[in-house]
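Okay, so here's the structure we're looking at.
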Amino acid sequence: MSSGVAAFSTVEEAALVARLRTGASSDRDAVFDVLFDLLHERVFELCRHLLRNRAEAEDAVQDCFMAIYRGIGRFRGASRLSTWVYRIAIHASLRIKSRRPRGAMHVDQVPDEPTNAPGPDDLAAAREGTRHLQRALEQLSEEHRTVLSLFAMDGLGHQEIADVLGVPMGTVWSRLHAARKRLASLI
Amino acid sequence: MKPCEEFELQIEMRLHGALHATRAAALDAHLSHCAACRAFETLSQETEKNMTAQTMADVGAVDWQAMREQIRAKLKGDSRRRFKMSLLVLAVEAPAIWMMTAGHAREVLVKFASAWAILVAVLAFATWVRFRDMRRYEQNRSDLLFFYRWQLERGISALRLIWILLPIALLGLALPSGPHSLLHWVGVGLLALFFLSLVTYIRLVRVPQLQRELEVLKGR
């Protein structure tokens, strides 16, 4: 699957980490700008998957990058920089979600505008399928939704997903499998 | 493991480019006669395609430049808010201390300092424990969601204990030996009000916020 979102290369990352370690505190703004340019779309993608609501995802991206700005000086390279950023994004999304009033509908509605589907019947079926999927995703546990969201992000390798989640590779696959089975049972 | 479970795992691995070619051939052979696994494969592909399509449509619709400016504005606003809060605390505490010290300057200041020392020591210890745990977590790579859950549970317990700090602080402040002027008791009242507001905020706003976060994490 291809999304067109540029990957965050290890070379760019190493340069940024080196800059963080050797640079003055005034460098923090410059590093922050580079990080925003490189990762904003991917962070949004992750938050959007987790929250299934564009406005909330935008808020989560803002919270995430504010947390990055405040914590960037403390980053010591125990993990990849992007891994650290994705963890913050997951945390920011969970916090946004916990602010939702109980019982209200927060998932973006499936648009009714015509798409490239071949005919009206196919279009209606596709829309209905998407609605079913949205409802089913809403009922998943955070553990299952998080793993599905990370795998739905284009270009994120399974090893990095394991690093983001902090679990062994085998656990990632079994968690993904369990999430998909649960999703299938809900659809 | 159920008969098809191993193949379902392999379907996921192939979908994400992690299945070796030799195992892929065996998977194809299985798929050719297992309708359930074919359905599972279709569901996996469709789910991801659907999730990705909707998200990517939204990526293009966001005004990123405006967002970057909003983040910068919020960061600036944060510093200003922190500065204003510090001024507010000073504005409440300085007159309160001045009132309380009337006639008992040394004694009240010593008690006030000990009350604050207790508070600061407890907060410093809590912060140190938090940083130590964060570092340990980064080194051990424990499960992210489990770590958040554990951290929240501990945070909630710690904040609930803050009730104990209020009587300690008040005892330290309000019981210098008498006789006291009315001004002294106004000062005590002001400080008591300050602590009470702090604890009420923690108990009625912050703890419920953290509890909601915990519920989300537990999937309730």
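Residues that are closer than 23 Å to A:Leu38 by Cβ, acidic (Asp, Glu) and assigned to a helix (DSSP H, G or I) within the stretch B:34-65 comprise just one, B:Asp58. Does B:Ala126 qualify as being closer than 30 Å to A:Asp163 by Cβ, small (Gly, Ala, Ser), part of a helix (DSSP H, G or I) and modelled with pLDDT under 85? Yes.
Per the conditions (1) surrounded by 13 or more Cβ atoms within 10 Å (Cβ to Cβ); (2) hydrophobic (A, V, I, L, M, F, W, C); (3) modelled with pLDDT under 65, the sole criterion not satisfied by A:Trp84 is (3). For the stretch A:174-185, the criterion of a residue being at the interface with another protein chain (Cβ under 7 Å from one of its Cβ atoms), part of a helix (DSSP H, G or I) and either modelled with pLDDT under 80 or more than 29 Å from B:Gln10 (Cα to Cα) (or both) is satisfied by no position. Could you check, for the stretch B:149-156, whether at least one of its residues is over 30 Å from B:Phe194 (Cα atoms), within 11 Å of chain A (Cβ to nearest Cβ), under 14 Å from the mean Cα position of the chain (by Cα) and modelled with pLDDT of 85 or more? Checked against the condition, which is being over 30 Å from B:Phe194 (Cα atoms), within 11 Å of chain A (Cβ to nearest Cβ), under 14 Å from the mean Cα position of the chain (by Cα) and modelled with pLDDT of 85 or more, the stretch B:149-156 yields at least one hit. Here the condition is being in contact with a helix residue (DSSP H, G or I) (Cβ under 7 Å, 6 or more places away or on another chain), more than 14 Å from chain A (Cβ to nearest Cβ), within 27 Å of A:His158 (Cα to Cα) and without any contact (Cβ under 8 Å) to a residue 60 or more places away in the chain; of B:Ala29, B:Ala18, B:Ala24, it holds for B:Ala24 alone. Restrict the check to the stretch B:178-199 and report whether at least one residue is at pLDDT 80 or above, within 14 Å of chain A (Cβ to nearest Cβ), assigned to a helix (DSSP H, G or I) and crowded, with 16+ Cβ neighbours inside 10 Å. Taking every residue of the stretch B:178-199 in turn, none turns out to be at pLDDT 80 or above, within 14 Å of chain A (Cβ to nearest Cβ), assigned to a helix (DSSP H, G or I) and crowded, with 16+ Cβ neighbours inside 10 Å. Selection of the stretch A:62-86 for residues being within 15 Å of B:Gln70 (Cβ to Cβ) and facing another protein chain (nearest Cβ under 7 Å) yields A:Gln62, A:Phe65, A:Met66, A:Tyr69.
Taking the stretch A:142-173 as the range and being part of a loop (DSSP other than H, G, I, E, B), open to solvent by 30 Å² or more (accessible area, probe 1.4 Å) and free of Cβ contacts under 8 Å to residues at least 12 places away in the same chain as the test, the residues that pass are A:Gly157, A:Pro168.
The values are calculated or read from the model by the stated rules, or taken from the named source; none is laboratory data. Predicted model only: the values in this text are computed from it and were never measured. All Cβ positions, glycine included, derive from the backbone under ideal geometry; neighbour counts span all protein chains shown. Heads up: the accessible areas ignore ligands, DNA and RNA and are worked out on the full protein's heavy atoms, side chains in. Shrake-Rupley method; radii C 1.70, N 1.55, O 1.52, S 1.80 Å.
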